[in-house]
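To keep things clear, I will list the structure first and then write my remarks on it.
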Protein chains: 2
Amino acid sequence: MADNFETLGELGESAVLARIFPRLPSASATIIGPGDDAAVLKTSDGRFVVTTDLMVCGPDFRLEWSTPHDLGWKAAVTNLADVAAMGAVPTGLVVALAAPASTNVAELEGIADGFRDACLEFSPDCGVVGGDLSVSDTFTIAVTAFGDLQGRKPVLRSGAVPGQIVAVSGVLGEAAKALRVLFAQAMDADGNPSHEKAVALRKLTGAQLAPRPPIRDGVLAAKAGATSMLDLSDGLAKDANRIADASGVCIDFESSLLGEDPELALVGAEDHSLLATFEAGTELPGAFRKVGVVREGRGISLDGKPHSTQGWDPYLNGSV
Amino acid sequence: MADNFETLGELGESAVLARIFPRLPSASATIIGPGDDAAVLKTSDGRFVVTTDLMVCGPDFRLEWSTPHDLGWKAAVTNLADVAAMGAVPTGLVVALAAPASTNVAELEGIADGFRDACLEFSPDCGVVGGDLSVSDTFTIAVTAFGDLQGRKPVLRSGAVPGQIVAVSGVLGEAAKALRVLFAQAMDADGNPSHEKAVALRKLTGAQLAPRPPIRDGVLAAKAGATSMLDLSDGLAKDANRIADASGVCIDFESSLLGEDPELALVGAEDHSLLATFEAGTELPGAFRKVGVVREGRGISLDGKPHSTQGWDPYLNGSV
């Protein structure tokens, strides 16, 4: 970046946009793309799915730990996972970004590359169709993502019925484990996040800094008749309880199906894996594997015993 | 608020959402509303319009000057104006909000009321269909708005043709004038924004703190055959130059049609009025009034003489 140090404040908005636009992924559904007051997107069936998510420097990421590419990647995949969890195909993203005027434009280029690579990897027809740039003391990325249900019913949280299979696609507890590594080993002597240490630990921290949620399995689950689904952002226990609440059932996990550390699997947040329920006997699609069953009752249980539904709360838990 | 002082950090996300949801406006186009991974909205013609905008404490607003109701109102109308500027009817909003954990929940309730009142006033079928809450040192509101073109072509910036009428609906320079009043008269002895002084000046500052853009005139303009349109966020001169650039024309303003202070009208930002071009002879719809003509050439001019296209830039101009 040494030959490329220009700040947002030096360049101004138009020049920054001119640098970023060519790097952004394009969307197949685009009718009108970036550059007007608004974009226009196609839908295949007269409906569109929409979700929004904020990433804030401090609570959600540290600039010492995440590369710009990580930030774009994670902002993309967390939103794509929400679209996937409805059983929809992601079609577009809008990105509103606020950064200090002293930020190097190369950081924004890296973020754009992260968006591009995540879309190419998980949802190649999806791209960035618009955005907004602003100045802020706090680096902030707000993403809104769109999806197309292709004529299918959206898969909600409310359709689980006793007797059905509870299944997960994607890792459990890996993002939390990676975060523990960062807090334990990627701090400097003064207790501040260390860029150098984070770089050295990269192999252990990818699940937190650049997660790889099973985006495509969302549509596969919908096609296989998933009766409820969500993406795991706040921890398996807390998120499963959302399905339990909305469906009026109990989600019972089998500890033998939750990996080496069932407690970590239950409370670890930010995996963005997919949790879904299916009729008994369904051949589970994609990478879905059974982790429990739906029972009569309320809340969640582990091997039949009631379990805490605590997880991550942005206001109660303060900082990541 | 004395009997109601509870912070976001004390309440936690679920309790905060439970307080806010009932205050939010609902959207007629909703198929699935807030509460799942994503919302689902109807479109009337297989397309949807989307725009996004960030409001950041410091550059975009001061908590001493704006009431919570103002913040919600302004965040809503600035996005509704972008949808209107495409010739679309606003159908929905998603709102991502980040605030310090010490924020009083009553502030978020006031913001929700501002969103509700703005939608009721300008676009009663439009409502908030989803959102996200986060913690941040910097109070930030990110809104994404959707619109329905109802089968019409979107009105872009690129359709102006020499000989056509240039017209504006809404005020010019009023938001900038109000901002000058705030900076000149609503600061305390230490040079910091003063809440008490801002309250006393309220009649002079509404155009900045709670603007009233002509949202409905967007669709009326589209129906009247507007050939180009945008909403005035960065100043008439800079924004008109965007139409001039995209259309390959010169926008020539008549100073006698720009009010008492043509220079203020040209450079004043944040009015969110609508600028459009129409075929000569068109009966101008709604509150549109002629302010100039489209000519051969490039850039903008005033009474036939080239004029600066400078306006507001979030990175170059730093703070409001």
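Here are some notes:
- Going by neighbour counts of Cβ atoms within 10 Å, the residues A:M187, B:M229 line up, fewest first, as A:M187, B:M229.
- Principal axis dimensions, largest first and in whole angstrom, of segment A:47-128 by Cα: 41, 23, 20
- Estimated from the Cβ-Cβ distance and a Förster radius of 45 angstrom, the FRET efficiency linking A:A18 and B:A18 is about 0.50.
- Dipole of segment B:105-160, positive direction: furthest Cα of B:F146, B:V135, B:G110, with charges on the beta-carbon: B:F146
- Chain A, relative contact order in percent, only Cα pairs under 8 angstrom and at least six apart counted: 22
- For segment B:222-320, the relative contact order is 41 percent, taking Cα pairs closer than 8 Å that sit 6 or more residues apart in sequence and dividing their mean separation by the residue count.
- Using the alpha carbons alone, the radius of gyration of segment A:106-204 stands to its Kirkwood radius in an Rg to Rh ratio of 1.06.
- The angle between the Cα long axis of helix B:236-247 and the main principal axis of chain B comes to about 60°, on a 0 to 90 degree scale.
- All-pairs Cα distance distribution in segment B:11-148, expressed in whole percent, bin size 5 Å: 2, 11, 22, 25, 20, 12, 6, 2, 0
- Look at A:K74, B:K223, A:K305, B:K238 and count the other Cβ atoms within 10 Å of each Cβ; fewest to most, that gives A:K305, B:K223, B:K238, A:K74.
- The protein assembly as shown, Rg to Rh (Cα coordinates; Rh as Kirkwood inverse mean 1/r): 0.98
- Excluding same-chain neighbours fewer than eight residues apart, the lysines reachable from A:K290 by a Cα-Cα span under 30 Å are A:K74, A:K153, A:K177, A:K203, A:K223, A:K238, A:K305.
- Our summary gives segment B:11-148 a relative contact order of 41 percent, counting only alpha carbon pairs under 8 angstrom and 6 or more residues apart.
- Taking amide hydrogens as placed 1.01 Å from N in the peptide plane, the amide H of B:E64 sits under 5 Å from that of no residue at least 5 positions away in sequence or on another chain.
- Each residue of segment A:127-142 is assigned a 3J(HN,Hα), and the resulting list reads x, 8, 9, x, x, 8, 10, 8, 9, 7, 5, 10, 4, 9, 10, 10 Hz, derived from the Karplus form 6.51 cos²θ - 1.76 cosθ + 1.60 (θ = phi - 60°), x at Gly and Pro.
- Alpha-carbon Rg/Rh ratio, for chain A, with Rh computed the Kirkwood way: 0.99
- Rg(Cα)/(2.2 N^0.38 Å) for segment A:70-112, N = residue count: 1.39
- Residue-count net charge about A:R216 - beta-carbon cut-off 12 Å; Lys, Arg +1, Asp, Glu -1: -1
- Degrees, to the nearest 10: B:68-84 long Cα axis against longest axis of chain B: 40
- The simple spin-label model puts a point 7 Å past each Cα toward its Cβ; for A:F5 and A:A189 those points are separated by 2.5 nm.
- Residue-span extension gain [B:S28 to B:A287] - 0.36 nm each, minus C-alpha spacing: 90.6 nm
- Calculated [θ] (222 nm, deg cm²/dmol) that DSSP helices of n ≥ 4 give over chain B, each run adding -39,500 (n - 2.57): -9000 deg cm²/dmol
- Ranked list, fewest to most other Cβ atoms within 10 Å of each Cβ, for A:I251, A:I141: A:I141, A:I251
- Treating r as the C-beta distance of B:S44 and A:K223 and R0 as 35 Å, the FRET efficiency rounds to 0.80.
- In Å, descending, principal axis extents of the Cα set of segment A:165-307: 52, 32, 25
A short reminder: the numbers here are calculations on the coordinates, not readings from a lab. Because the structure is predicted, anything quoted here is derived from the model rather than measured. All Cβ positions, glycine included, derive from the backbone under ideal geometry; neighbour counts span all protein chains shown.
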